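Participant: The structure's right below; bear with me while I get my questions together.
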Amino acid sequence: MDTIFRLILIGFLSMYIVKGRAQEYLVYQPEQMLADLEKFKTILTKIHPGTYTHQTHEEFDQMINDLMFRSSKPMEAKAFYKIVLQLIANIHDGHTQAYTFGKLGSVIHNQKRLPFQVYIRDERIFIVKNLSTLEITEGSEILSIDSNLSNEIIFEILAHYSSDGKSHSGMQHWLGGPYKSFYRLYPEIFGERPIYNLVYRDYKTKKIIKTKIKSISKEIYETRASKKIPLETKPEEAFNFNINKKDDYAYLKISRFFKESYDEPENTYPDFYKQCFKKISNNNIKNLIIDLRNNGGGKASNAAYLLQYFIDQSITPAKEIVTLVDDKYFLEITGDTINLNESFGLKQKTDGTFRVTKHELLRDLMNYAPIEEYPYKGRLVVLINGGTASAGGIAASLLKKYANANLVGTETYGYAGISNGVRQISVKGNHTETAIYLPLLHAKYAIDEHIQKRSVVPDHNVSNSIQDILENNDAVLEFTLKKLLPTM
């Protein structure tokens, strides 16, 4: 009985260890991690449409082998999650994510946070909202945390999180935002600690200061943030439009390419566009600024409807949309279907993949003719940044190619070169509380193949300085109005 008891105890301890704050941390055994890595490998190679867009088969296999070697000894669950993050980051697809659930999900969600919000520019990290109890001047530059230099910190985070393609601009932008925030990801990647050694350059005095800073809980962070940062009284509008007759320009802001939901009436955006271009025509406006900054995407068809006002011949934005598998595959693997065939009218190609033939859900496969009423023939400037993602990146690509748009800002997060986020699935590990989320469709858009693998690059690279951020100045719009429009 003593031997059996010892075996049971050893088995229990192999799953849990107790640390610092009397929290239980899950520990995985090699066979558990290797089995789930093998499962994720199979899913990525058999189902994901873009696994080999930015890496060769050999590079992918080498990466998997390296990750499996690192998983060949018992490991704390949070450390294994970082391995899964690296696996997914190497796909370089913004629609593909790793996440946690269960006990591990709760641990990750409730990790203590760094007490500040940041702005990242030129691989430098600036504090824009100080939520600590220390008197750190906002605008101060973080030089290192626990002896990790700021650029090293950024590169290490980028090894675990990526945007579309291999450009870094998009993820660096998102580290300053609410979704993949620096204050959450630093503890996740470098380890959660009660106190960090911080070295920063003071914004006012320019002195280099060394101090210790305490991490704070999610609840304390949100309480302090709500007091310091005014809450929005209502959600940001999907689109907005105004005309400046004095300076002869119209400004069209599109924050996303759906207004309320994907199921809204198809004429929602076309009707809005018609109102805008009617006003532009009636007021004889010769300059148009379309602001796609922080446009997180939506329906690509709503980008195509906009394009109609600039083209002089019909185009089909998406040449082809394919998936690697059909319902038969899912029926064999899971015992269920996800209605791919019915929803998209899949037709098998000679290479074994399946082409989408139904256009109801993917209207970027339709033909779009030039608008005869109120076409726009003036000058076009499109504002972009690292928050321009998914259909936002597609819109920027199409406007550049077919409307000769002048792009101003910074490189986008998304592009027109890989996955389509209309249909996605989650796949959970069988033995670990890690999972991946991936798209099933790959869209090939009608842009030059040599730029499809990179995010959209501006013609004029302009971004806010830390002073602009603190003073709420819009350097990109200011450059457009004062430097660009008068010379175009």
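The values are calculated or read from the model by the stated rules, or taken from the named source; none is laboratory data. Source: prediction; values computed, not measured. Cβ placement follows ideal geometry from the backbone for every residue including glycine, while neighbour counts extend to all protein chains displayed. The accessibility values were calculated without ligands, DNA or RNA, using every heavy atom of the protein model including side chains. Shrake-Rupley method; radii C 1.70, N 1.55, O 1.52, S 1.80 Å.
Participant: Return the residue satisfying two criteria in turn: it lies in segment 128-142 and is more than 17 Å from Asn197 (Cα to Cα) and outside any loop (DSSP other than H, G, I, E, B), and of such residues it is most open to solvent (accessible area, probe 1.4 Å).
Facilitator: Once the filter is applied, the top-ranked residue is Lys129.
Participant: Hey, another quick one. Which is out of contact with any Gly (no Cβ under 9 Å at 6 or more places or on another chain), at pLDDT 95 or above and outside any helix (DSSP H, G or I), of Ile290, Ile285, Ile338, Ile321?
Facilitator: Every option except Ile290 fails the conditions.
Participant: Just for strands (runs of 3 or more DSSP E) wholly inside segment 386-475: which have at least 1 residues that are surrounded by 20 or more Cβ atoms within 10 Å (Cβ to Cβ), of a type outside the set (D, E, K, R) and at pLDDT 95 or above?
Facilitator: 406-409, 434-445
Participant: Looking at segment 70-86 only, could you name the residues that are open to solvent by less than 10 Å² (accessible area, probe 1.4 Å) and without any contact (Cβ under 8 Å) to a residue 60 or more places away in the chain?
Facilitator: Listed by number, the residues that qualify are Ser71, Ile83.
Participant: Are there any strands (runs of 3 or more DSSP E) wholly within segment 184-262 with 3 or more residues that are more than 30 Å from Ala396 (Cα to Cα) and open to solvent by less than 80 Å² (accessible area, probe 1.4 Å), and if so which?
Facilitator: By residue number, 195-201, 208-214.
Participant: Identify, please: which residue in segment 143-154 is touching a residue at least 24 places away in the same chain (Cβ under 8 Å) and assigned to a helix (DSSP H, G or I) and is, among those, surrounded by the fewest Cβ atoms within 10 Å (Cβ to Cβ)?
Facilitator: Taking the candidates together, the pick is Asn151.
Participant: In addition: For the list (1) open to solvent by 10 Å² or more (accessible area, probe 1.4 Å); (2) at pLDDT 95 or above, I need the number of the one condition that Asp122 fails.
Facilitator: Just one mismatch for Asp122, condition (2).
Participant: For segment 303-312, does any single residue satisfy the condition of being modelled with pLDDT of 90 or more, open to solvent by less than 60 Å² (accessible area, probe 1.4 Å) and under 22 Å from the mean Cα position of the chain (by Cα)?
Facilitator: Kept after step one, since they are modelled with pLDDT of 90 or more, are these residues of segment 303-312: 303-312.
Next, from what is left, pick out any that are open to solvent by less than 60 Å² (accessible area, probe 1.4 Å): 303-311.
Keeping just the survivors that are under 22 Å from the mean Cα position of the chain (by Cα) gives 303-304.
So far as segment 303-312 goes, yes, one or more of its residues are modelled with pLDDT of 90 or more, open to solvent by less than 60 Å² (accessible area, probe 1.4 Å) and under 22 Å from the mean Cα position of the chain (by Cα).
Participant: Here is a check on your reading of the model: is Ser169 open to solvent by 30 Å² or more (accessible area, probe 1.4 Å) and among the hydroxyl-bearing types (Ser, Thr, Tyr)?
Facilitator: Considered against the rule, which asks whether it is open to solvent by 30 Å² or more (accessible area, probe 1.4 Å) and among the hydroxyl-bearing types (Ser, Thr, Tyr), Ser169 comes out as yes.
Participant: If we scan segment 105-116, do we find a residue that is buried (at least 16 other Cβ atoms within 10 Å of the Cβ), free of Cβ contacts under 8 Å to residues at least 60 places away in the same chain and of a type outside the set (Ser, Thr, Tyr)?
Facilitator: no
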